[in-house]
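Undergrad: Here it is, the structure in full.
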Amino acid sequence: MPEPSNRDIEVALAYHQATKHSYTSVRRDAHFLDWSNRPLPYKIYPGAGTLPLPRDFGLSAVPTLQALRPRSGSDASVLDIESLTRLLFCAGGLTKRANVGGEDYHFRAAASAGALYPVEFYLIAGEIEGVEPGLYHFLAADLKLHGLRRGDWRPYLADSAPPGNQLRHARAILIMTSIFWRSTWKYRARAYRYCFWDTGMILANLLAAANADALDTVVTTAFRDRSIEELLEIDGDREGVACLVTLGQTRADSGQSPVLARMELESIPLSAEEVVYEDLVKVHRASRLATGDEVLHQRSIELGSQPDISSTAVKISTRDDDDSLGLGETILRRGSTRVFSREPITGEELAAIMATAYPAASGTFGQSTETYLIVNAVEGLAPGTYHYRRQTGTFEPLKAGDFRAEGGYLCLEQPLGADCSALIIYM
């Protein structure tokens, strides 16, 4: 398959069209799960040395809404192994096990489409008390770090990203990837969308947990993919890099990284057979950045400005931050439901959800989505469709009326889209 260019947006448009759902597509294109070929939910390196993480770490009691808002104050002076464990647990730790229909499911701190968990965590340890500098893989199943490379790899990552990045002076860096087969097993080529959804869910938890611990973070999405793939020894087709996240900052110079050599470590296969979906492989290849010029161009992209605020826009005050549960308790209690009561929520509750859904994270990416809502039962907002403007926290009415039936249809004709108080739509 030829290597497409990142600037060839036709590849992305073609993928979007090919993986759209419609009334006919969900009926004519049945897909049955091969349970005998279900992928393992964990990536395991049998030959890697291990570092057990402490199991007596505490979870943050900072109110969740406060943890989701921008923090004032300086960065924490240290990052130790207990703080690191708390961050990893909140991002992707194992929270409970259940047997559903004869199948074992391991549920984690952040939600995942189909409970398939395609996202993997690699840690670049620089200055972490109790952790030797090196490249590690985090395995949630046993709460351990598995050592892959010794040495300080922060300079190597810094050279793969735009000039002036903060990777070289980070105390640690998390690299998040997606193993596509874990999701394509169920969702086929459309799984590429869900991998980024899962990554976003994890980032929400991770950034909130870091904020609660007074750790500065920067999310980097502009980098030369191949350099990082070579560091992790992944192929970029079956497992691709999504983002880098710095944890804390230090003034110390991290020097030079070791010479890159083969790790001589292999992970065990996820399934007896993996099915490759060419549409997914093609769009991911097109999204990769190959040169320094492409990285710089990606960082410089500016999205168009929004139109003036409508005179009919509604502004609702949010709930007080102290009214929310502690962050740790919220993460442990988090879960999905498919049954909604059709009871209304308050406008303040919806406003708080929307205001904290866009954390003020530093990074090399712009806000590329627009948010729309179908409001069914929200006190202070008439039923109808709205555009949410995150810069001002306002709800702009688009069309008044009862759209429960349309909401259910959009959710693949499932009752949850009709029964919920509000349906949030990202475009």
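The values are calculated or read from the model by the stated rules, or taken from the named source; none is laboratory data. Remember, it's a predicted structure, so these values are computed and weren't measured experimentally. Cβ coordinates were reconstructed from backbone atoms using ideal geometry, including for glycine residues, and neighbour counts include every protein chain displayed.
Undergrad: So which residues in the stretch 313-356 are among the charged types (D, E, K, R) and part of a loop (DSSP other than H, G, I, E, B)?
TA: The answer is R319, D320, R334, R338, R342, E343.
Undergrad: Could you list, in sequence order, all residues of the stretch 288-305 that are out of contact with any Gly (no Cβ under 7 Å at 6 or more places or on another chain) and either modelled with pLDDT of 95 or more or among the aliphatic types (A, V, I, L, M) (or both)?
TA: Residues satisfying the conditions are L289, A290, V295, L296.
Undergrad: Could I ask something else about it? For V119, all conditions in the list (1) β-branched (V, I, T); (2) closer than 29 Å to R251 by Cβ; (3) under 14 Å from the mean Cα position of the chain (by Cα) hold save one; what is the number of the exception?
TA: Against the list (1) β-branched (V, I, T); (2) closer than 29 Å to R251 by Cβ; (3) under 14 Å from the mean Cα position of the chain (by Cα), V119 comes up short only on (2).
Undergrad: So, in the stretch 15-48, of the ones that are hydrophobic (A, V, I, L, M, F, W, C), over 29 Å from E233 (Cα atoms) and at pLDDT 90 or above, which residue ends up surrounded by the most Cβ atoms within 10 Å (Cβ to Cβ)?
TA: Only one residue tops the list, namely A18.
Undergrad: Run E370 past the list (1) under 30 Å from A161 (Cβ atoms); (2) buried (at least 18 other Cβ atoms within 10 Å of the Cβ); (3) charged (D, E, K, R) and report the number of the one that doesn't hold.
TA: (2)
Undergrad: Are any of the residues in the stretch 320-343 out of contact with any Lys or Arg (no Cβ under 6 Å at 6 or more places or on another chain), closer than 30 Å to A222 by Cβ and of a type in the set (S, T, Y)?
TA: no
Undergrad: Could you list, in sequence order, all residues of the stretch 174-223 that are among the small types (G, A, S), closer than 25 Å to S60 by Cα and touching a strand residue (DSSP E or B) at 6+ places or on another chain (Cβ under 7 Å)?
TA: A210
Undergrad: Just one of (1) at pLDDT 95 or above; (2) within 30 Å of T220 (Cβ to Cβ); (3) hydrophobic (A, V, I, L, M, F, W, C) trips up V378, so point out which.
TA: Evaluating V378 over (1) at pLDDT 95 or above; (2) within 30 Å of T220 (Cβ to Cβ); (3) hydrophobic (A, V, I, L, M, F, W, C) leaves (2) as the failure.
Undergrad: Can you pull out the strands (runs of 3 or more DSSP E) entirely within the stretch 73-132 that have at least 2 residues that are without any contact (Cβ under 8 Å) to a residue 24 or more places away in the chain and surrounded by fewer than 23 Cβ atoms within 10 Å (Cβ to Cβ)?
TA: Fully inside the stretch 73-132 and qualifying: 94-100, 103-108.
Undergrad: Given the stretch 173-261, what helices (runs of 4 or more DSSP H) lie entirely inside it while holding 3 or more residues that are over 18 Å from the mean Cα position of the chain (by Cα) and either modelled with pLDDT of 95 or more or of a type in the set (F, W, Y) (or both)?
TA: 225-232
Undergrad: Using beta carbons and a limit of 9 Å, which pairs, at least six apart or on different chains, have the first residue in the stretch 268-289 and surrounded by 17 or more Cβ atoms within 10 Å (Cβ to Cβ) and the second one assigned to a loop (DSSP other than H, G, I, E, B) and small (G, A, S)?
TA: H284/G236; R285/G236; A286/S5; R288/G236; L289/A222
Undergrad: Any residue at all in the stretch 34-52 that's assigned to a loop (DSSP other than H, G, I, E, B) and farther than 30 Å from L145 by Cβ?
TA: Checked against the condition, which is being assigned to a loop (DSSP other than H, G, I, E, B) and farther than 30 Å from L145 by Cβ, the stretch 34-52 yields at least one hit.
Undergrad: For the stretch 138-160, check the following and say yes or no: at least one residue is in contact with a helix residue (DSSP H, G or I) (Cβ under 9 Å, 6 or more places away or on another chain), in a strand (DSSP E or B) and among the polar types (S, T, N, Q).
TA: No, the conditions are met nowhere in the stretch 138-160.
Undergrad: Tell me, yes or no, whether the stretch 166-174 has at least one residue that is among the charged types (D, E, K, R) and within 23 Å of S25 (Cα to Cα).
TA: No: the stretch 166-174 contains no residue that is among the charged types (D, E, K, R) and within 23 Å of S25 (Cα to Cα).
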